[in-house]
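The structure appears below as structure tokens.
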Amino acid sequence: MKILAIDTSCDDSCAALIDTQSWKLLGECVISHASSMVKFGGVVPEIASREHIKGLPVAVHQTLEQAKIALDEVDWFAVTNRPGLIGALLVGVSFAKALAFAQSKPFSVFSHLEAHLFSPFLESFETPSRLPPFPWLTLVVSGGHTELFFVEGIIKYRWIGGTLDDAAGEAFDKIGKQIGIPYPAGPELDRWVREKATDTHRSEFSFPRSKPRPHHFSFSGLKTAVALSIKNLELNNEEVRLSIAASAQEAIVDALVDQISRSQQQFPKSALIVTGGVACNSRLRVKLPDAYFPKPNHCTDNAAMVAMLAALYEREGILKPDAWDTSAHATQTP
Ligand code: KG4
Ligand code: ZN
């Protein structure tokens, strides 16, 4: 079966095509709209929706071309319908429905978080032996989420905790913005600190590492602490900005690592999986040497993980068509 998947949960128009018979990803495309958000310093939901209307047909077209598959050869359409920016999700859901309707083929809706959870299976195309056996303790850490799950098997998982306020990626982006790094600041801040910072920069400021109740996270206090420190500093000085960036990154990474190691004590036999955009962070990867990280392009938002989830549903015999009146939800629903 050939499944075409679509994800428009935030500001990336994503499409991917999977063949469940040969168990291969035949094509994928991610069109980022981050450049349209730079002047606002973050994602503007209305603009993201409008960008998807332009970007999604291109992403689907490029995916089909790469896969060398015609639209009428697609057997099933899969689309993310929760959680995310509601306007952005509605563009993807409407587009997938229209394609399915025009081709008289079924479509199914999937959770973006569940797709992140099972994204490690994308690696199984190339190196099946690298995939850790269940159970997994999985952290999904991105611009919108910092959520911890206990995963016992395909579709068998439960949420055990998450951020009480901001996501870790949001902290990277907002702290980066305060020191002049354009949105999305996370990747650039990471690169800058990796190339230029020393241990002295990393320990220059002792920003708070919050430790809420087990399995939970909090980053709003850190954001405020950085804002207050900056008030009295000479931000034209590159060394000062580098110290803020390096010390803040250290605080975010330490907060994640400390809470995860507490959770690991409760789930000692579980493999640790870290995914979502912040899972690309090089310092986090250094500080979690035993964790399994999907490839960076499958940590950040993509539709390959949605295609993989639909393929896993098919393999388990639980892929069902959704009704035409199925809609999108801003928050996670069962
Ligand atoms: O998963 P993603 O593409 O989109 C969602 O937010 O759902 O993640 C994007 C987030 C942004 O906040 C971005 O700054 C952060 O992930 N990010 C990073 C790195 N790469 C992406 N944060 C820190 N270090 C990185 N290398
Ligand atoms: Zn995501």
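At least 1 residues that are touching a residue at least 60 places away in the same chain (Cβ under 8 Å) and among the small types (Gly, Ala, Ser) in each: list the strands (runs of 3 or more DSSP E) lying fully within region 90-194 that qualify. Don't jump to the end; show me each part of the working.
Details: elements: 107-111, 136-141, 146-153, 156-162.
Qualifying strands (runs of 3 or more DSSP E): 107-111, 156-162.
Can you tell me which residue within region 280-302, out of those that are in contact with a Ser or Thr (Cβ under 8 Å, 6 or more places away or on another chain) and among the hydrophobic types (A, V, I, L, M, F, W, C), is farthest from ligand 2 (Cβ to nearest atom)?
Here the answer is Phe293.
Evaluate region 184-196: report whether one residue or more is closer than 25 Å to Ser111 by Cβ and open to solvent by less than 30 Å² (accessible area, probe 1.4 Å).
yes
Failed condition for Tyr157, given (1) aromatic (Phe, Trp, Tyr); (2) within 23 Å of the chain's Cα centre (by Cα); (3) open to solvent by less than 60 Å² (accessible area, probe 1.4 Å), with all others met?
(3)
Please go through region 236-272 and give me each residue that is touching a strand residue (DSSP E or B) at 6+ places or on another chain (Cβ under 8 Å) and within 21 Å of Lys211 (Cα to Cα), ordered by number.
Result: Ala255, Leu256, Gln259, Ile260, Ser263, Gln264, Phe267, Leu272.
From (1) away from ligand 1 (no atom under 15 Å from the Cβ); (2) closer than 26 Å to Ile273 by Cβ; (3) not basic (Lys, Arg), pick out the condition that doesn't hold for Gln249.
(1)
Filter region 115-146 down to the residues that are under 11 Å from the mean Cα position of the chain (by Cα) and open to solvent by 10 Å² or more (accessible area, probe 1.4 Å), then identify the one that is nearest to ligand 2 (Cβ to nearest atom).
Taking region 115-146 as the starting set, the residues that turn out to be under 11 Å from the mean Cα position of the chain (by Cα) are 115-117, 119, 139-146.
Going one step further and asking which of them are open to solvent by 10 Å² or more (accessible area, probe 1.4 Å), we end up with 142-145.
Details: Ser142: 5, Gly143: 8, Gly144: 6, His145: 6 Å.
Among residues in region 115-146 that are under 11 Å from the mean Cα position of the chain (by Cα) and open to solvent by 10 Å² or more (accessible area, probe 1.4 Å), the one nearest to ligand 2 (Cβ to nearest atom) is Ser142.
So which residues in region 184-212 are within 24 Å of the chain's Cα centre (by Cα), away from ligand 2 (no atom under 16 Å from the Cβ) and under 27 Å from Gly162 (Cα atoms)? I'd like the intermediate steps shown before the answer.
Going through region 184-212, the residues within 24 Å of the chain's Cα centre (by Cα) turn out to be 184-194, 209-212.
If we keep only those that are away from ligand 2 (no atom under 16 Å from the Cβ) too, we end up with 185, 188-194, 209-212.
If the condition is that a residue be within 24 Å of the chain's Cα centre (by Cα), away from ligand 2 (no atom under 16 Å from the Cβ) and under 27 Å from Gly162 (Cα atoms), then Ala185, Glu188, Leu189, Asp190, Arg191, Val193, Arg209, Ser210, Lys211, Pro212 are the ones that fit.
Return the pairs, sorted by first residue and then second, in which the second residue is among the β-branched types (Val, Ile, Thr) and not in a helix (DSSP H, G or I), the first residue lies in region 59-72 and is under 18 Å from Lys97 (Cα atoms), the beta carbons are less than 6 Å apart, and the residues are 6+ apart or on different chains.
Close Cβ pairs satisfying both conditions: Ala59/Ile31.
Are there any strands (runs of 3 or more DSSP E) wholly within region 1-85 with 3 or more residues that are within 16 Å of ligand 1 (Cβ to nearest atom), at negative phi and at pLDDT below 95, and if so which? Quick ask: steps written out before the conclusion?
Values: elements: 2-7, 12-19, 24-32, 76-82.
So the answer is none; nothing clears 3.
The values are calculated or read from the model by the stated rules, or taken from the named source; none is laboratory data. Computed from a prediction, not measured in an experiment: that's the story for all the values here. Using ideal geometry, Cβ is built from the backbone for each residue, glycine included, and neighbour counts are taken over all protein chains shown. Ligands, DNA and RNA are excluded from the accessible area calculation, which covers all protein heavy atoms including side chains. Shrake-Rupley method; radii C 1.70, N 1.55, O 1.52, S 1.80 Å.
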